[in-house]
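> One structure coming up, written as structure tokens, with questions to follow.
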Amino acid sequence: MPETARDYRSTLNLPKTAFPMKANLAQAEPITVANWESEGRYDSLMKATAGAPSFVFHDGPPYANGAIHVGHMLNKVLKDFIVRGQIAAGSHCPYVPGWDCHGLPIEHKVMVEVFKDAKAEKLATLSDSVRRMAIRRECKASAEKFMGLQAKQMKRLLTLADYEHPYATMQPEYEAGTLENFATLVEQGLVFRQLKPIHWSIANRTALAEAELEYEDREDPSVFVDFEATDAAAVGNAFGAEVECTPSFMIWTTTPWTLPANLAIAVHPRLEYSLVHLDGALCVVASALLQRVVAAIGAESVKVIAVGPGANLVGLKYRHPFMDRESPVVAAEYVTTEDGTGLVHTAPGHGEDDYRTGRANGLEIYCPVQGDGTFDDTAPEWLRGKTVWEGNPLVIESLRQSGHLVHTAMFSHSYPHDWRSHTPVIFRTTEQWFIGVDRPMRRDGRTLRQAALESVEKSISFVPQWGHNRLRGMLESRPDWCISRQRSWGLPIPSFAFPDGSVLLTPASIRAVAVAVRARGSDAWFTEEPAELLATYDASKDPDAPEGLTVATLTKMYDIFDVWFEAGSSWHSVLRQRQLGFPSEVYLEGSDQHRGWFQLSMLPALGVTGRAPFNTLLTHGFIVDKDGRKMSKSLGNALEVEDLLKDFGADVCRWWVSSVAYDGDIRMDKEHVRLAGESYRKVRNTLRFLLSNLDGFTPAGELPQIQPTSLDAWALGELHRTGSEVTAAFRAYDFRAAHLAIFNFCNDTLSSIYCAAAKDRLYCDAKNAPRRRCTQAVMHECVRRLCALLWPILPHTAEEAWRALAASSGESATAAGVDMAAMLELGKSGSAGSSPNNSAPDARWPAVLLTRASVLRALESAKARGIENPLDAGVRIADPQGLWQPFAADLADLFGVSRVELLASGEGIEVTDLRSEPRCERSWRRDASVRTRSDGGVLSDRDAAAVGVV
RNA sequence: GCGCCAGUAGCUCAGUUGGCUAGAGCACACCCCUGAUAAGGGUGAGGUCGAAGGUUCGAUUCCUUUCUGGCGCACCA
């Protein structure tokens, strides 16, 4: 035996691969994206799957405003799992990304950022339609800019979609589709015009949305007013008391100018009210507020006559203090005892609550205030032509003179103001367009609400299940849908006004405008005359047109659609118009869309087609921070997608997405993504190890025959089981289960067990030894299948590995791309859960692995005896029944020890100390065959043969 | 205020129709390997299942209340 051990390193088959350990995703992925784009990857995949059954999947449009945030990332990546999962499973799954482009947030932003200072002043001087077009041009530019930005970011997330032909709600053909839907809804009798109170800016003569309001403190005169009952005795009866004079209902308000429009007093039915003498006057006040009222008005003598519930007051009548009318006391649940008297002045034309109360009680929706803030001719003479702010003191003075004013004082409160002019806004009723949810449809007499509830119950499936209750609850309680907005940036509601103020909006007239819009876009509404817009309209053939209609007398009206109506028409404007199939198999959005896109797509579709536009509603929760709190810029806990991509890469972000339980809130933190990165590296390194042992290996078509009791059979069996699990998980949209199955396969089956056990034969067997070749064949199969399974989740990494695999066997190593067709084929065969022409692994394998666990524990405790390296150990297992005998060939590798002996008698596991036995200089094993060879080296039989010595 | 949902080891999650000492992975500790090496392997510690009541022989699992958080809706006359 020589002094120094021979170096047999060069005689080994050591791992070798170009597949790097470090993924370098942040740099590599943009190149992948560019390659996909230049080679037309989306189109070629569509072509490759052209004949396959279609899976209809429709994208909900994000709002084209700002960069994408982590919520978009979650949503788009989940959608991509579906798209790629379907393609990998052999379906044809076209996917058109879309954007919601119209609406207030963009207009608001343009008004703030573009039309400021001098530009804003100049804008104000323009005529209405010129001004609208100026705003619309800027809005369109903004929407286009953000569509471009978001598309770029979405591509960077490695999502697969028809980015060459996206849809946008502002595209002419999309707009035309929306109008066609609207025409059908009108035809079905669902559209009507009605008064509704809205925030109104007098300064700008426009309706304002919540986003355009700023709440500022303001002082207003508050007044306590007595409304005299018309029937004293009835009031007495309500309280079960005798009354000797006319009682009054005392109300309180901070907007005296709304008193002309008072049409009711609201009381809470279960609140207690008092009939009380206050300084001689008999009035009704909520008992809980009596002390405060007394203090406020400074009453000196207080005498409670009787008390009773508000319910008893309902139906009583009172006389308006200065208008010639009698109005009722009504019940309302929202009445509180926080301020005032517990009797609420109700003007249905001047408040949201009041409006609802008015409608519920059949009151007129009366609004004597005009757009310029002045009273109209229906107001008392002394108010006509005065503004509401001039009206306040006039009303108070009138009340004082007629003796109805009990008390007045200035009251400071937070009040909504116009964000631009900083002037206070008022509530004012205006005519708005509605889609009625309780109106019978011409088609079958059902209402939208009935139809919607029926599909929720019968034909839609929900993932997760609770979406069912949520959507049903919302449908049960939703009011009619107000679809009109008084803005510029949107699709006009194509209604025309006759000189007498009546309105033309018939299915035929809408369809005629749709033709114009399809050709020239919705700008046409602002730039063309009614005659041009209605060029294809023939009133004589329109059964709904009024007699003797002359287009020349019509004027355009300028309401636009609620953007939700546009987004809610996408199933028609995209799926049906582009012939992609209808309905969509799934809609996948955040849980906020039960109120939004889910519901507002469903209603038009039910009205137009009679069915919902989707079969399954898949919802995900919201991303919250690591403490479960909402992410927001102001809290400073928001994560930026750009940062995540830069720090971790898209594949790691996608790997993280696939790992979360997406129903319910999703906690997210950089640390979580970093952890996902760790587990990604595990998968990557496993692939790398496999690839590095396939250098120069060319698979021989089919796998070799494999013994069921061999390690290879077990690994192959696990591979197939994993494949079936992953495919089933994708079918159930349970990406997390797929993620876990893949990870466990890589981490346990391969890295911890199979690869560790296979090292010896891979490195030390002769290059062409059948045992080594067999294991390589199985590993080759593992890489192929893993690539196919990983592709929907980690498209970049899967393709990178696929390329490396091709390179290892020298085949198509020059091809820039991946042989997608082969990968897709593989996905298809995998989905069938096939096991190739090899026999299944032996049924005793689970037991063998349990034994392995026991052996490992025994080896651990043997460390105390100084046997620290498993290759210094041998294992004796009692096997009287000969159970382990068939596995004998692989047991030593499986346990990582030098030698395993099966004993015909005895019991248990014994670890033997082999440190005194010679160690093979090549394989480092203390195999029983190790001895000095002809070259002077100390080798085992196998190694001697591999090196070619005896 | 109303509706829906969630609350299990430091973190991400499993826990079938209530039933054996509540399970994984990561992180952590200790050890091995140095021929997957800015890798790989082994062993181990760690939880009164948000809280309080109740039903039951028995509850993480069913009921009630409550706390915390999320989404949606309403409200401030």
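> Kindly state, to the nearest 0.05, the FRET efficiency for A:Ala34 paired with A:Glu457, given R0 = 45 Å and r defined as their beta-carbon distance.
Values: r = 49 Å, r/R0 = 1.08.
That pair, A:Ala34 with A:Glu457, gives E of 0.40.
> If you filter region A:283-349 for trypsin sites (Lys or Arg not before Pro), then keep DSSP loop positions with at most 12 other Cβ within 10 Å, what is left? Each step should come with its number before you reach the end.
Numbers: sites: A:Arg292, A:Lys303, A:Lys317, A:Arg319, A:Arg325; in loops: A:Arg325.
Answer in residue order: A:Arg325.
> How large is the dipole of region A:95-148 about the Cα centre if only Lys and Arg carry +1 and Asp and Glu carry -1, each at its Cβ, rounded to the nearest 20 debye? Mind dumping the intermediate values first?
Numbers: 10 positive and 8 negative charges, 29 e Å.
With only Lys, Arg, Asp and Glu charged at Cβ, the dipole is about 140 debye.
> Label A:Gln486 and A:Ala118 with points 7 Å out from Cα along Cα→Cβ: what is the distance between them in nm?
The two pseudo-label positions are separated by 3.1 nm.
> So which GluC sites (Glu not before Pro) in region A:144-224 pass both tests, a DSSP loop state and at most 12 other Cβ atoms within 10 Å of the Cβ?
On the way: sites: A:Glu144, A:Glu164, A:Glu173, A:Glu175, A:Glu180, A:Glu187, A:Glu210, A:Glu212, A:Glu214, A:Glu216, A:Glu219; in loops: A:Glu164.
Here the sparse-neighbourhood loop sites are A:Glu164.
> Can you give the helix-only mean residue ellipticity at 222 nm for chain A, where every DSSP H stretch with n ≥ 4 adds -39500 (n - 2.57) and the sum goes over all residues, rounded to the nearest 500 deg cm²/dmol? Write out the running numbers ahead of the final one.
On the way: 30 runs with 370 residues, N = 950.
Result for chain A, helices only: -12000 deg cm²/dmol.
> In degrees, nearest 10, range 0 to 90: what is the angle between the Cα axis of helix A:507-520 and the longest Cα principal axis of chain A?
Between helix and principal axis, roughly 60 degrees.
> How much length is gained on full extension from A:His407 to A:Ser287, taking 0.36 nm per residue of separation minus their Cα-Cα distance? Intermediate results must be reported in sequence, preceding the final value.
On the way: separation 120, 0.36 × 120 = 43.20 nm, distance 1.86 nm.
Here the answer is 41.3 nm.
> If you don't mind, there's one more thing I want to ask. Starting from the Cα of A:Lys626, draw a straight line to each of the lysines and keep only those under 23 Å, dropping any in the same chain fewer than 8 residues away.
Within the straight-line cut-off, A:Lys626 pairs with A:Lys76, A:Lys646, A:Lys670.
> Okay, next question. Post the alpha-carbon centroid distance, region A:858-893 to region A:14-78, in whole angstrom.
48
> Shifting gears a bit: For A:Asn469 and A:Arg442, compute 0.36 nm times the residue count separating them, minus their Cα-Cα distance, and round to one decimal in nm.
On the way: separation 27, 0.36 × 27 = 9.72 nm, distance 2.87 nm.
Stretched out fully, the A:Asn469 to A:Arg442 stretch lengthens by 6.9 nm.
> At a Förster radius of 30 Å, what calculated FRET efficiency corresponds to the Cβ-Cβ distance of A:Arg520 and A:Asp128, to the nearest 0.05? Could the numbers behind the result be given before it?
Values: r = 20 Å, r/R0 = 0.66.
Efficiency, from the Cβ-Cβ distance: 0.90.
> Report, in degrees rounded to the nearest 10, the 0 to 90 angle that the Cα long axis of helix A:448-458 makes with the longest principal axis of chain A.
Tilt of helix A:448-458: around 30 degrees.
> Looking at region A:82-160, which chymotrypsin sites (Phe, Trp or Tyr not before Pro) are in a loop (DSSP not H, G, I, E or B) and have at most 14 other Cβ atoms within 10 Å? Kindly include the intermediate steps, with their values, before the conclusion.
Working: sites: A:Tyr95, A:Trp99, A:Phe115, A:Phe146; in loops: A:Tyr95, A:Phe115.
In loop regions of region A:82-160 (DSSP not H, G, I, E or B), there are no sparsely surrounded chymotrypsin sites (Phe, Trp or Tyr not before Pro).
> Now for a different question. Output the relative contact order of region A:330-388, whole-number percent, from Cα pairs under 8 angstrom with separation of 6+ residues.
Relative contact order of region A:330-388: 19 percent.
> Given R₀ = 45 Å, FRET efficiency for A:Leu149-A:Lys541 by Cβ-Cβ distance, to 0.05? Walk me through the intermediate numbers first.
Values: r = 47 Å, r/R0 = 1.04.
Plugging the Cβ-Cβ distance into 1/(1 + (r/R0)^6) gives 0.45.
> Right, next: Where does helix A:650-659 land angle-wise versus the long Cα axis of chain A, in degrees 0 to 90, nearest 10?
80
> Rounded, prolate or oblate, given the Cα gyration tensor of region A:9-70, with a/c below 1.5 counting as rounded? Can you show the working numbers first?
Working: a/c = 3.09, a/b = 1.69, b/c = 1.83.
Judged from the Cα gyration tensor, region A:9-70 comes out oblate (a/c at least 1.5, b/c at or above a/b).
> Run the numbers for A:Leu903 and A:Ala50: contour at 0.36 nm per residue of separation, minus the present Cα-Cα distance, in nm.
Numbers: separation 853, 0.36 × 853 = 307.08 nm, distance 6.10 nm.
Answer, rounded to one decimal: 301.0 nm.
> With labels modelled as points extended 7 Å from the Cα through the Cβ direction, what inter-label distance (nm, one decimal) is found for A:Ser724 paired with A:Asp376?
If labels sit at A:Ser724 and A:Asp376, their model points lie 7.4 nm apart.
> Among the lysines, select those whose C-alpha is under 17 Å from the C-alpha of A:Lys145, and discard any that sit fewer than 8 residues away in the same chain.
A:Lys109, A:Lys155
Just so you know, all these numbers are worked out from the coordinates, no wet-lab data involved. Because the structure is a prediction, the values reported are computed rather than measured. Heads up, the Cβs are rebuilt from the backbone with ideal geometry, glycines too, and the neighbour counts pull from every protein chain shown.
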